[in-house]
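What follows is a single structure, written as structure tokens, with notes after it.
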Amino acid sequence: MRTILLFSLVSLINDTASKMILPVLPLYIEQIGGAGLAVGLVSGIGESVASVLKVLSGYWSDRLGRRKPFALWGYALSAASKLLLAWSRTWPMVLLLRSTERAGKGLRSAPRDVLLAAGASTSQKGRYFGIHRAFDSGGAVVGSLLSLLLVTVYHLPLTTIFLVAGGISFFSILPIFFVQEMDDKQEAGGDRLVIRFRDFSTQLKIFMAAGTFFSLGNFSWMFFVLHARQRGADDPATFTLPIVMYVVYQVVSTFGAVPAGILADRIGKVNVLMLGYGLFGLVCLGFMTFQGFTALVVLFAFYGGMFALVEANERAYVAELAPASVRGTALGTFFTLQSLAALPAGAVAGILYDAHPFWMFGYGCGFSVVAVLLLVWHRFRTGDA
């Protein structure tokens, strides 16, 4: 439980800093001359560039039996990248720094999740990952509210917000020094990284396929924020509406994380993930169909509910299905597949958004349906709930 609480504190501080930046990042990209495709590339390449590090960090943490250094240096790299955003003046520079920040996430994610999983029994993994996700989302709410305050009340330039956030993010490193390291070095497997899917169970392979298809259509939240900005274009305070909608999404995601984890432990993670994947499709359909402020609030709330159902439970389910000896590699592989899918998802979504947002939302809805059908197949083939 101590490890869960320490990493939850790390995530609370780190995400406070991150979400001071993220609600305004797509708006800043637009401000310095980037269009929908630029936003798609920043979101997609930012994830995909980190994909190799995600699987490498999982593998090497398995091989070395040490997880803590990967987490420490991953958070440090992300903090430095946030700080340097304050000096970016072109969207390609934003792309570079966003990719570096995501590389830090790639370095830390799988080893950190192995440490989290080691502290929980199978029946508690959903709850523990949900607690961690709740702190993560709590930081997101605090950070986005701070961003809203600094933009709308103090009228600070966006680059100043990046500078403040970068400074805060360095404090997230401190609790990691108090995390207890694992001593579970794996001697088997040779000296080279070889990902052999035959080493994974049928359940895990089918789920990885479903998760990857979902990621192909699960384009970045940045497009939802841009769409809110477009709807509020007549408002003199044009940054206010998209940041408020981002706060709505983060609040629902925060308060839904622990209940979603508990629900997954009770009725099965596959059932909860089917609900989450399907909810994303409904959100996209809603953006295609409805207009107005009330509809915008409801849809962003549902979008937050989707994240609460999906993000932590995907990781918990992979950790549950993977053998302990390759758990880090399995998590890294899953993260890698998702990250590789993020590049075409972001690029295609950007192109479609520039054509018309309707086509982008239709694209997301279609992949949501495919992902749900794969999970249905997974459930009936394996009998797993």
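Could you please find all residues in region 291-311 being surrounded by fewer than 23 Cβ atoms within 10 Å (Cβ to Cβ) and under 15 Å from Gln230 (Cβ atoms)?
Gln291, Gly292, Phe293, Ala295
Can you tell me how many residues within region 322-353 are modelled with pLDDT of 85 or more and surrounded by fewer than 22 Cβ atoms within 10 Å (Cβ to Cβ)?
Count: 6.
Report yes if Thr100 is in contact with a helix residue (DSSP H, G or I) (Cβ under 6 Å, 6 or more places away or on another chain) and surrounded by fewer than 23 Cβ atoms within 10 Å (Cβ to Cβ), otherwise no.
Numbers: in contact with a helix residue (DSSP H, G or I) (Cβ under 6 Å, 6 or more places away or on another chain): yes; surrounded by fewer than 23 Cβ atoms within 10 Å (Cβ to Cβ): yes.
Taking the combined requirement at face value, the residue satisfies it.
Checking the condition in contact with a helix residue (DSSP H, G or I) (Cβ under 9 Å, 6 or more places away or on another chain), of a type outside the set (Lys, Arg), over 20 Å from Cys365 (Cα atoms) and in a helix (DSSP H, G or I), which residue from Leu282, Leu331 passes?
On the way: Leu282 fails: over 20 Å from Cys365 (Cα atoms).
On inspection, the qualifying residue turns out to be Leu331.
Please determine whether any residue of region 369-383 is touching an Asp or Glu at 6+ places or on another chain (Cβ under 9 Å), part of a helix (DSSP H, G or I) and over 19 Å from Phe223 (Cβ atoms).
We begin by selecting, within region 369-383, every residue touching an Asp or Glu at 6+ places or on another chain (Cβ under 9 Å); these are 378.
In the following step, the residues that additionally are part of a helix (DSSP H, G or I) were identified as 378.
If we keep only those that are over 19 Å from Phe223 (Cβ atoms) too, we end up with 378.
Yes, because at least one residue in region 369-383 is touching an Asp or Glu at 6+ places or on another chain (Cβ under 9 Å), part of a helix (DSSP H, G or I) and over 19 Å from Phe223 (Cβ atoms).
For region 41-73, give me each residue that is within 15 Å of the chain's Cα centre (by Cα) and either more than 17 Å from Met93 (Cβ to Cβ) or small (Gly, Ala, Ser) (or both). Walk me through how you get there before you give the answer.
So the first thing to find is which residues in region 41-73 are within 15 Å of the chain's Cα centre (by Cα), and the list is 42-51, 54.
Across region 41-73, the qualifying residues are Ser43, Gly44, Gly46, Glu47, Ser48, Ala50, Ser51, Lys54.
What are the residues in region 247-274 that are surrounded by 21 or more Cβ atoms within 10 Å (Cβ to Cβ) and either among the polar types (S, T, N, Q) or touching a strand residue (DSSP E or B) at 6+ places or on another chain (Cβ under 6 Å) (or both), if any?
Across region 247-274, the qualifying residues are Gln250, Ser253, Thr254.
Please work out if Gln203 is in contact with an Asp or Glu (Cβ under 6 Å, 6 or more places away or on another chain) and at pLDDT below 80. Spell out the reasoning first.
On the way: in contact with an Asp or Glu (Cβ under 6 Å, 6 or more places away or on another chain): yes; at pLDDT below 80: no.
When the stated conditions are applied, Gln203 does not pass them.
Where in region 1-65 are there helices (runs of 4 or more DSSP H), lying fully within it, with 3 or more residues that are among the basic types (Lys, Arg)? Before you say what the answer is, go through the steps one by one.
Details: elements: 2-21, 25-31, 36-48, 51-64.
Correct list: empty, since no element meets the threshold.
Taking Gly383 as the residue in question, decide whether it is modelled with pLDDT of 95 or more and small (Gly, Ala, Ser). Spell out how you get there, then give the answer.
Working: modelled with pLDDT of 95 or more: no; small (Gly, Ala, Ser): yes.
In short, no.
When only residues in region 354-368 that are buried (at least 16 other Cβ atoms within 10 Å of the Cβ) and under 21 Å from the mean Cα position of the chain (by Cα) count, which is nearest to Glu314 (Cα to Cα)?
That would be Ser368.
From the list Phe162, Phe219, Phe224, which one is modelled with pLDDT of 85 or more, more than 28 Å from Thr3 (Cβ to Cβ) and assigned to a loop (DSSP other than H, G, I, E, B)? Steps first, answer last, please.
Working: Phe162 fails: assigned to a loop (DSSP other than H, G, I, E, B); Phe224 fails: assigned to a loop (DSSP other than H, G, I, E, B).
It is Phe219.
Quick check on my filter: what residues within region 62-86 are of a type in the set (A, V, I, L, M, F, W, C), crowded, with 24+ Cβ neighbours inside 10 Å and without any contact (Cβ under 8 Å) to a residue 60 or more places away in the chain?
Listed by number, the list holds a single entry, Phe70.
The values are calculated or read from the model by the stated rules, or taken from the named source; none is laboratory data. Treat the numbers as computed from the prediction; the structure is a model and nothing was measured. Ideal geometry is used to build each Cβ from the backbone, glycine not excepted, and the neighbour counts take in all protein chains shown.
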